[in-house]
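**Q** My questions will all concern the structure given below.
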Amino acid sequence: MYDEIKRIPFEGAKSKNPFAFRYYDKDRVIAGKKMSDHLRFAMSWWHTCNAGGTDMFGGETIDKSFGLSGMELARAKVDFAFELMQKLGIEFYCFHDVDVAPEGETLAESVKNLEEIVDYLLKKQNETGIKPLWVTANMFGSKTFMAGAATSPNADVFAIAAGKVKAGIDAAIKLGAPGYVFWGGREGYDTLINTDVALELDNLGKFLTLARDYGRAKGFKGDFYIEPKPKEPTKHQYDFDVATCANFLRTYGLTDDFKMNVEANHATLAGHTFQHELRMAAVNGLFGSIDANQGDMLLGWDTDQFPTNVYDTTLCMYEVIKAGGFTNGGLNFDAKARRQSNTFEDILLCYIAGMDAFALGLIKACELINDGRIDRFIAERYASYNDGIGRSMREGRETLESLAAYAAELKGVVPQSGRQEYLESVVNDVLFSGV
Ligand code: XLS
Ligand code: NI
Ligand code: NI
């Protein structure tokens, strides 16, 4: 089946063909842009080409070794990845250094392996037009990084991490990636009894500054991203959520170069909605890219499931459109097939489900905006700031005393109803009005 399928076609909402898109019609223009340009889907290398279904209690349920090992396996995975992306019509991919090339015993050996694979990736890119959305370095998997990378108590570890990021940025430049991601990995701590938080945070600020300076000096024009996550693997991750990261970036003067890579499952782990995190990024001028997945509210860890909840994808795309759409960012499926979905066909089915959920979300978000009821309601709700005392205050013409004098004789002041349930019914109306 896997080999027989050359390309996943768009067949429309009525199709019952599991290997077809029902909503993702790549070239369909909606709100002035092609669907593919709105969504900018990316394949995550680690989940797609490497993850074999292991969990805390058991080993792999799918074999992705292709009967090979080492650099041969690495090359075979490049072939596999590009074939998969072509079948799906995905134009971008994301990877950590160690996802694509085996680690050597030294940094130099690892970098050599990476460079070799980068050349092969470039060849494939030139044949297909596919390119990375972003590149990153895995600085959490090996024992070296057990206490963090930039926030390790050991300066040699800091230096090794710097070397990995240098190689990652070099790869990003060579492959034309418009982004470079820093997900905290083990940048955080488990107990204060053994941790110098002030030094660790300062080192992290220095690390990101060094990376930014190197990248810019070498001509990297894309965005650097921080990917917030509140916990897991450490108990207290320094990049807790968007607000925490925004404060961190401001403290170290990095807001011109860094944006947010918001992951849905990390948002919910932080006790926020996905939509909240996206809005916080946008209002802070830090909206960048998205790791598209969904968590399980009953489990409470980073389950990295493929996103199929259309309510969430709709509200996500609503935020994306309101933020002006993606420039360098996109929707990276940081998501993996469930352990029991253990065939290669499942990988296709996962991506089809995720891509269709986002295509439908995009269509519905545009409908929600065109419908206008929500925007109108919000505009009316805040109308008192458009003139009178509200406007005067916003334009800086009032003082605490003048406001006190204005308010002194007011009686029975209450805001209008927030109408939450009505507005939720409007969302349902837009989502399901075809019934
Ligand atoms: C882990 C993160 C990771 C980043 C890339 O929770 O989501 O996969 O996206 O390092
Ligand atoms: Ni992620
Ligand atoms: Ni994650």
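The values are calculated or read from the model by the stated rules, or taken from the named source; none is laboratory data. What you are looking at is a predicted structure, and each value in this text was computed from that prediction instead of being measured. Note that each Cβ is placed from the backbone with ideal geometry, even for glycine, and that neighbours are counted across all protein chains shown. Each accessible area value is taken on the protein alone, full model and side chains, heavy atoms only, with ligands, DNA and RNA left out. Shrake-Rupley method; radii C 1.70, N 1.55, O 1.52, S 1.80 Å.
**Q** For LYS231, list long-range residues whose amide hydrogen, built 1.01 Å from N in the peptide plane, is under 5 Å from its own amide hydrogen.
**A** Here GLN237 satisfy the definition.
**Q** Here's a follow-up. Which of GLY58, GLY185, GLY168 moves the most in a Gaussian network model of the chain with Cα springs under 10 Å?
**A** Checking each option, the largest mean-square fluctuation is seen for GLY58.
**Q** Right, something else. Given charges of +1 on the Cβ of Lys and Arg and -1 on the Cβ of Asp and Glu, with all other atoms neutral, how large is the dipole of the stretch 274-347 about its Cα centre, in debye to the nearest 20?
**A** 160 debye
**Q** When the accessible area of the stretch 1-120 is computed with all protein chains present and a 1.4 Å probe, what percentage of it is carbon and sulfur?
**A** 52 percent
**Q** Which value, in Å², gives the accessible area per residue of the chain when a 1.4 Å probe is used on the protein heavy atoms?
**A** Counting only protein heavy atoms, the per-residue value for the chain is 48 Å².
**Q** Have a look at GLY176, GLY59, GLY388 and tell me which one the Gaussian network model of the chain (Cα, springs below 10 Å) gives the largest fluctuation.
**A** Of GLY176, GLY59, GLY388, the Gaussian network model singles out GLY388 as fluctuating most.
**Q** Right, here's the next one. Pop out the Kirkwood hydrodynamic radius of the chain from its pairwise C-alpha distances, inverse of mean 1/r, in Å to one decimal.
**A** 23.4 Å
**Q** If packing is taken as the average number of other Cβ atoms within 10 Å across a peptide's residues, how do 267-279, 327-339, 300-312 rank, most packed first?
**A** Ranking the peptides 267-279, 327-339, 300-312 by packing returns 327-339, 267-279, 300-312.
**Q** Anyone know which of GLU115, GLU398, GLU367 comes out most mobile in the 10 Å Cα GNM of the chain?
**A** Checking each option, the largest mean-square fluctuation is seen for GLU398.
**Q** In the stretch 1-68, which chymotrypsin sites (Phe, Trp or Tyr not before Pro) fall in coil by DSSP and have 16 or fewer other Cβ atoms within 10 Å?
**A** Those that pass, being in a loop and sparsely packed, are TYR2, PHE57, PHE66.
**Q** Ignoring ligands, DNA and RNA, what percent of the 1.4 Å accessible area of the stretch 282-435 is carbon and sulfur?
**A** About 53 percent, which is the carbon plus sulfur part of the accessible surface.
**Q** List every residue whose amide H lies under 5 Å from the amide H of GLU263, counting only residues 5 or more places away in sequence or on a different chain, with H placed 1.01 Å from N in the peptide plane.
**A** ASP291
**Q** While we're on this one: Under the rule of -39500 (n - 2.57) per DSSP H run of 4 or more residues, summed and divided by the residues of the chain, what mean residue ellipticity at 222 nm is obtained, to the nearest 500 deg cm²/dmol?
**A** -14500 deg cm²/dmol
**Q** If you restrict to DSSP beta bridges whose two residues both lie in the chain, what percentage is antiparallel, to the nearest 5?
**A** Taking every DSSP beta bridge with both residues in the chain, the antiparallel ones total about 20 percent.
**Q** Could I ask something else about it? Under 14 Å Cα to Cα from LYS231, which aspartates and glutamates show up? Leave out anything in the same chain fewer than 8 places away.
**A** Partners found: GLU187, ASP190, ASP239, ASP241, GLU263, ASP302.
**Q** Suppose every Lys and Arg Cβ carries +1 and every Asp and Glu Cβ carries -1, with no other charges. What dipole size does the stretch 148-225 come out with about its Cα centre, to the nearest 20 debye?
**A** It works out to roughly 520 debye.
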